[in-house]
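The structure under discussion appears below in the form of structure tokens.
Please treat every number below as a calculation from the coordinates, not as lab data. This structure is a prediction, so every number in the text was calculated from the model and none was measured. Don't worry about glycine lacking a Cβ; one is built from the backbone with ideal geometry, like all the others, and counts go over all protein chains shown.
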Amino acid sequence: MFKRQRGIVVLKLETFEVEVLDQLFDQMIALVEVEPMPVEDPLERLVGLNGPSIKPSDPALARLFPDAYHDDHEAAADFRRYTEHEMRNTKAMKARISQSQLHEWPGKRELTHDQAMAWLLSLNDMRLALGTRLDITDDREDRDEENAPGYEMYDWLTYLQGTLVDSLTKN
């Protein structure tokens, strides 16, 4: 869990929590990373316009990378083509920054503000992806027993994110 101590955000985890988070970061990175598409136009290659132009078919990716324009499919396709590749790289980079804090885990670790923000974004992405896979809605009464471990993981990630938000907002 995250706590604020002497004005610094501190993350304290048990060994099994570190192992679970390490696996979740691996899965998140694998989910958002994409092989660059070959670009034949020299200008597009120069400015990195090599993203896809259609919404991902995977519901979790569609949740992480929603259409920017709901009423204009052409504008949505252009926006996606110009931005999705960089957004994917940013999400993967934030997950790697967070995951790097787990290596050689001492039991607890002090985080810089930038590291804490990377954790915040990565935890949010993991919750969004998992929540989409579990079809979690505002109505929590419809949780089925078959997916109980997934719901517990979602609740744990929500708890972690909540403790991080609390530690970032306290003086």
Open item on the list: Filter Lys94/Lys170; Lys3/Lys55; Lys12/Lys55; Lys55/Lys108 down to the pairs with a C-alpha to C-alpha distance above 28 Å, please.
Closed with: Lys3/Lys55; Lys12/Lys55; Lys55/Lys108
TODO: Could you calculate the contour length gain from Arg63 to Glu152, that is, 0.36 nm times the residue separation minus the distance between their Cα atoms, to one decimal place in nm?
DONE: 30.0 nm
- [ ] Using only Cα atoms, tell me the angle between helix 113-133 and the longest principal axis of the chain; keep it within 0 to 90° and round to the nearest 10.
- [x] 70
TODO: For helix 15-32, report the angle its Cα long axis makes with the longest principal axis of the Cα atoms of the chain; keep it between 0 and 90° and round to the nearest 10°.
DONE: 10
Task: Charge dipole of the chain about the Cα centre (unit charges at C-beta), most positive-ward option of Phe16, Met1, His70 - done: Met1
Open item on the list: With unit charges on the beta carbons (Lys and Arg positive, Asp and Glu negative) and the dipole taken about the Cα centre of the chain, which residue among Thr169, Pro42, Ile97 sits farthest to the positive side?
Closed with: Thr169
Task: Net charge dipole size for the chain [Lys, Arg +1 and Asp, Glu -1 on Cβ; Debye, nearest 20] - done: 1060
Task: Inverse mean reciprocal Cα-Cα distance (Kirkwood Rh) of segment 85-171, Å - done: 14.4
TODO: Would you mind checking the tilt of helix 148-169 against the longest principal axis of the Cα atoms of the chain, expressed as 0 to 90 degrees and rounded to 10?
DONE: 80
Task: Leu134 paired with Ile54, simple spin-label distance in nm, labels 7 Å along Cα-to-beta-carbon - done: 3.1
Open item on the list: Test of understanding: given the chain, find the longest segment containing no GluC sites (Glu not before Pro) that are in a DSSP loop and have at most 15 other Cβ atoms within 10 Å.
Closed with: 105-171
Task: GNM result for the chain, Cα springs below 10 Å: residue of Thr132, Thr15, Thr90 fluctuating most strongly - done: Thr15
TODO: Using only alpha carbon positions, build the gyration tensor of the chain, then give the equivalent ellipsoid semi-axes as the square roots of 5 times its eigenvalues, largest first, whole angstrom.
DONE: 31, 21, 15
